[in-house]
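Undergrad: Pasting a structure here, questions to come.
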Amino acid sequence: VDIWVNNAGIFDLTPVAALSDERWEKMVHVNVRSMFWCARAVIPYMEKEGWGRIINISSMAGKIAFADEIAYCTTKTAVLGLTRALAVELGVKGITANAICPGPIQTDMLRYTYQTLADQNRVSLEEWQESVRRTIPVGRFGSPDEVAALVAFLASEEAGFINGQAINIDGGMVFY
């Protein structure tokens, strides 16, 4: 194993006061622990080769917070901390670790989330999507292929000096 992409994630739209311990633990388990365990499992192979790439999929929610998304925002922020810690520890061994922070990417999870938000706000899915689209400086949602292209670049030799970064792919919504 010389390239590992940690692309685990589940979403939750529950206010903090209503979030059960069980749901919180599931979010932490899937969104953070699984990434730690998988990275730990592949590191010995990368160390043996003296080269490797760990790419963690976080979210723009790891950089900015949203109401009623405390579990998602917290766990995706934890992914950024995990990434930085891996980068510092493993860089000297030829292994880089970076995170990708997608914004609104056209996926089933986004559609489900937006449908839920549209229902809560008593508007159509199309109206909700249009309200979000207007907040994206490039004026559109991203595609999974665009995220995959960024993953491919970070996995390449050309990205060897990029380490410990949290790279936004969000059409310009988050500026840090």
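Undergrad: Out of 40, 53, which single residue is more than 22 Å from residue 152 (Cβ to Cβ) and either open to solvent by less than 80 Å² (accessible area, probe 1.4 Å) or among the charged types (D, E, K, R) (or both)?
TA: It is 40.
Undergrad: Restricting to the stretch 5-17, what's the tally of residues that are over 12 Å from the mean Cα position of the chain (by Cα) and open to solvent by 80 Å² or more (accessible area, probe 1.4 Å)?
TA: Number of matching residues: 2.
Undergrad: Checking the condition surrounded by fewer than 17 Cβ atoms within 10 Å (Cβ to Cβ), among the β-branched types (Val, Ile, Thr), touching a residue at least 40 places away in the same chain (Cβ under 8 Å) and closer than 28 Å to residue 40 by Cα, which residue from 151, 88, 79 passes?
TA: That would be 88, the only listed residue that is surrounded by fewer than 17 Cβ atoms within 10 Å (Cβ to Cβ), among the β-branched types (Val, Ile, Thr), touching a residue at least 40 places away in the same chain (Cβ under 8 Å) and closer than 28 Å to residue 40 by Cα.
Undergrad: Can you tell me which of (1) of a type in the set (Ser, Thr, Tyr); (2) more than 24 Å from residue 155 (Cβ to Cβ); (3) surrounded by 14 or more Cβ atoms within 10 Å (Cβ to Cβ) is the one residue 20 doesn't meet?
TA: Among (1) of a type in the set (Ser, Thr, Tyr); (2) more than 24 Å from residue 155 (Cβ to Cβ); (3) surrounded by 14 or more Cβ atoms within 10 Å (Cβ to Cβ), residue 20 violates only (3).
Undergrad: Within the stretch 19-52, can you find the residues that are within 21 Å of residue 166 (Cβ to Cβ) and under 16 Å from the mean Cα position of the chain (by Cα)?
TA: 27, 28, 30, 31, 32, 33, 34, 35, 36, 38, 39
Undergrad: Just to confirm my filter: which helices (runs of 4 or more DSSP H) fall fully inside the stretch 27-130 and include at least 1 residues that are over 29 Å from residue 16 (Cβ atoms)?
TA: Fully inside the stretch 27-130 and qualifying: 34-49, 70-90.
Undergrad: Let me ask you something else. Which numbered condition in (1) in contact with a strand residue (DSSP E or B) (Cβ under 7 Å, 6 or more places away or on another chain); (2) modelled with pLDDT of 95 or more is the only one that residue 75 fails?
TA: Going through (1) in contact with a strand residue (DSSP E or B) (Cβ under 7 Å, 6 or more places away or on another chain); (2) modelled with pLDDT of 95 or more one by one, residue 75 breaks only (1).
Undergrad: Here is a list: 70, 95, 57. Which entry is aliphatic (A, V, I, L, M) and within 12 Å of the chain's Cα centre (by Cα)?
TA: Among 70, 95, 57, only 57 is aliphatic (A, V, I, L, M) and within 12 Å of the chain's Cα centre (by Cα).
Undergrad: Of all residues in the stretch 100-131 being farther than 30 Å from residue 87 by Cα and within 19 Å of the chain's Cα centre (by Cα), which is surrounded by the fewest Cβ atoms within 10 Å (Cβ to Cβ)?
TA: Going through the qualifying residues, I end up with 108.
The values are calculated or read from the model by the stated rules, or taken from the named source; none is laboratory data. Worth saying up front: this structure is predicted, and the values here are computed from it rather than measured. No Cβ is skipped: glycine too gets one built from the backbone with ideal geometry, and neighbour counts run over all protein chains shown. What goes into the accessible areas is simple: the full protein's heavy atoms, side chains included, and nothing from ligands, DNA or RNA. Shrake-Rupley method; radii C 1.70, N 1.55, O 1.52, S 1.80 Å.
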